[in-house]
Structure formats: C-alpha cells, structure tokens
Amino acid sequence: ISFPESLRALGPYAFDAGVGTVNFNSIEQLFALTKGEGNYFEKIHVNGAPLTEVTIPSGITEIPDEMFCCNTTLTSVIISEGVTKIGQWAFSDCESLESITIPSTVTHIGKGAFACTKINSITLPENIEEIESRTFELCEYLKNIIIPDNVKSIGERAFEDCSSLEEI
C-alpha cells in the first residue's frame, strides 16, 4: 500500500488486522497520518525503502500508542530531544529492534512500550519515575538496564521473561 501525498488522516484501527508492506512518502507523513491508534504495519517503507533505522524528527513531542507495534524490519531507533512521552506498546513486537536511544526529555514510557523486542541494553532517562507494567516483558535479549535514582515504582511484569538480564 502506498499513501498519496494528499492523504491527511488514517482513522483509528483503519488497518487493525495488520498489513504487509505500506509505503509513506516521509517519516513526517507517517507521524502525521497514523497517530498509532491500532494501525499495525508489519513492514513500513519510506520512499520505497524498508524502515530499518529511524530518527524521530525534531518537533515530535510524543510517540503515540502502538506507533511502531509489530513492525518486523525496524532494528534501531533514535528519539530526538523534545520527545516527552513514549506511548504504550509503541515498539512492542518489533521483533528485530535491537537498539534504542532515549533522550533526557522523556518523562513517561507507556505500558509494554518495548515488550517482545531484541533490545540488549538500555539507559532510562533521569526524569523517569515509573517503569510501567510489561514495559520490557519478553525481552529475552535484554542484558543490562540502567534505572535512574528517580524511579519510584516498577509495575507488574515489567521484566517478565527477561531471561538474559544480568545487570540492573
């Protein structure tokens, strides 16, 4: 599926059952159209090329719920300064995702945001006060995580089945 430049919105759950490959004209178009909301795209392409690495553009303040959920090609994410919230399940089931950089501006990471990924190491920003439930559930490759001193609570099943976890 390719979306024309004239398209201005995708309704919630427009592609709820998942779609193989979708092509956006730019990463900005992806953010402008989807807003997450239950649209599951297994293979996101931008300008015809598979989205394997993404830098969240400046000007984006929030990664919506389920934004990249179930994407099978994404391997690396760099979140730009200015993003304050990562929505629930935003990167869950991104089965190839190995690396993510989270800036100091992030104050909230939603439930299950990184569940079922191949992330092996992560440093949470100092502004995080809570690790919500299921945030890293089934991250079998997660070996170490740096949890800041500001964290006051860790939710249910936050690290369930993180069988490689060696260092906190």
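The values are calculated or read from the model by the stated rules, or taken from the named source; none is laboratory data. Values in this document were obtained by computation on a predicted structure and should not be read as measured data. Positions of Cβ are backbone-derived with ideal geometry, glycine not excepted, and every protein chain shown enters the neighbour counts. These area figures cover heavy atoms from the full protein model, side chains too; ligands, DNA and RNA do not enter into them. Shrake-Rupley method; radii C 1.70, N 1.55, O 1.52, S 1.80 Å.
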Margin query: Cβ-Cβ distance below 7 Å, separation of 6 or more or different chains: which pairs start in region 1-29 with a residue that is surrounded by fewer than 11 Cβ atoms within 10 Å (Cβ to Cβ) and end on one that is at pLDDT 75 or above and assigned to a loop (DSSP other than H, G, I, E, B)?
Written below: E5/N25
Next item on the list: Of all residues in region 55-71, count the ones that are within 21 Å of K118 (Cβ to Cβ), open to solvent by 10 Å² or more (accessible area, probe 1.4 Å) and assigned to a strand (DSSP E or B).
Entry: 1
Notebook entry, point to check: Does E156 meet the test of being charged (D, E, K, R), more than 20 Å from C70 (Cα to Cα) and in contact with a strand residue (DSSP E or B) (Cβ under 7 Å, 6 or more places away or on another chain)?
Noted result: no
Checklist line | Unique residue being under 30 Å from P4 (Cβ atoms) and more than 14 Å from the chain's Cα centre (by Cα) when the list is N47, N120 | finding: N47
Checklist line | Tabulated pairs, region 87-115, first farther than 19 Å from G59 by Cα, second of a type in the set (V, I, T) and open to solvent by 60 Å² or more (accessible area, probe 1.4 Å), C-beta under 9 angstrom, 6+ apart or interchain | finding: S99/I78
Notebook entry, point to check: When you go through (1) at pLDDT below 80; (2) open to solvent by less than 30 Å² (accessible area, probe 1.4 Å); (3) in a loop (DSSP other than H, G, I, E, B) one by one for L74, which number turns out not to apply?
Noted result: (1)
